[in-house]
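Only one structure is covered here, and it is reproduced in the block below.
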Amino acid sequence: MKYILDPWPWYVAGPLIAFIMFLLLMVGKRFGMSSNLRTLCTMCGAGNTSDFFKFDWKSQRWNLIVVLGAIIGGFIGATYLSTSTEVAISPKTIEDLQALGFSSAGTAYLPTELFDISALSNIQSVLLLAIGGLLVGFGARYAGGCTSGHAISGLSNLQLPSLLAVIGFFAGGLLMIHIIFPLIF
Amino acid sequence: MRTLVYLSIGIFFGITMFKSEAASWFRIYEMFQFQSFHMYGIIGSALVLGVIMIQLIKRFKIKSFYGEEIDIQPKDKGISRYLIGGSIFGLGWALSGACPGPMFTLIGAGYLPILIVIVFAVLGTFLYGILKNKLPH
């Protein structure tokens, strides 16, 4: 039981993710999470604004159910399968983040400065979350996939476009952490 | 019945994302600082097994549980959409610390401000749909 309640090491998590992709392939589906964001747009009536959203969203119902499961899984993981949600990041990372003003580094699952309920009354935090979300949604659809669709599924199928996308993911991520973070925090 | 299968796969996925800490903002930051092997190990090991799995499925023409062909469509050709779109995604991934799977897991884990990320991710997707024809692909 201890092994389940402790954080799962990479060599357990990675194979499990591969297994999830396998299960989806075996039920005739593909592993890709960001397409759900497009489906949500269509359900909200975006088909009236752009042809990109004109498709039968019911064909994607299965993936929305996977998302519902991911929400329930998050609840189960946090509530029943964890004794502590502290994330043991490297000491150097903790030191760097505390210097940037993230006092919760090393003692929380997410930085309280951005994800505690009290952060909702902080305009800067809300703005950063909003911009982050906007970039994720826009970028994922522009690139035709996200971490699951490109970094896992696409690269597993040895797709050059997915390699380009993953190079982009890292270029953007490194730019944000190394150049933009020191400017905003 | 199939609904239950998809729901179970989703729950399994959500638990894995949460327990592996791939849904933690801190782990994403640490990854982009190259200060731990954790995230590289997760993605790398999933990938090695994924490549083998897909090669086996193609080589032995393995059928799905329902006896159908598993036909994996290649990605559309292109360069700029993947590099530019990917970079924009990376900027957001590093800032919000959440990609489109884990962000849903975090609702269940009780971090409500993640809803802002999700609402704006939907808006970002909508914005792409409107601007699609004006963007280089």
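Can you give the Kirkwood hydrodynamic radius for region A:56-156, in Å, rounded to one decimal and based on Cα pairs?
Details: mean 1/r = 0.0602 Å⁻¹.
Value: 16.6 Å, from the Cα pair sum.
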Phi-based couplings in Hz for region A:91-98 (Karplus 6.51, -1.76, 1.60; Gly and Pro marked x): x, 5, 5, 4, 4, 4, 5, 5
Max mean-square fluctuation residue, GNM over chain B, Cα-Cα springs under 10 Å, options B:Met53, B:Met39, B:Met17: B:Met53
Cα centre as origin, Lys/Arg/Asp/Glu Cβ charges: chain A dipole, Debye: 720
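Would you please classify the overall shape of region A:34-100 from the alpha carbon gyration tensor, given that a ≥ b ≥ c denote the square roots of the eigenvalues, rounded means a/c under 1.5, and beyond that prolate means a/b larger than b/c while oblate covers the rest? Walk me through the numbers before you get to the answer.
Values: a/c = 4.94, a/b = 1.97, b/c = 2.51.
Here region A:34-100 falls in the oblate category.
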Unit Cα scatterers, Debye sum, chain A: log10 I(q)/I(0) for q = 0.19 Å⁻¹: -1.61
Rounded, prolate or oblate (a/c below 1.5 giving rounded, otherwise prolate when a/b exceeds b/c) for region B:68-137 by Cα gyration tensor: oblate
Table column - 3J(HN,Hα) (Hz), region A:54-63, Karplus curve with 6.51, -1.76, 1.60, x for Gly and Pro: 8, 7, 7, 5, 5, 5, 9, 4, 4, 6
Long-range HN-HN contacts of A:Ser103 with modeled amide H, under 5 Å: none
Filter on B:Lys19/B:Lys134; A:Lys2/A:Lys92; A:Lys29/B:Lys77; B:Lys63/B:Lys132 - keep pairs with C-alpha separation over 31 Å: B:Lys19/B:Lys134; B:Lys63/B:Lys132
Cα shape, chain B, gyration tensor, a/c 1.5 rule: rounded
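Cα convex hull of the protein assembly as shown: mean projected area in nm², to one decimal? Show your work: numbers first, answer last.
On the way: hull surface 63.5 nm².
For the protein assembly as shown, averaging the hull's shadow over all directions gives 15.9 nm².
Coordinate-derived values only; no laboratory data. Treat the numbers as computed from the prediction; the structure is a model and nothing was measured. Using ideal geometry, Cβ is built from the backbone for each residue, glycine included, and neighbour counts are taken over all protein chains shown.
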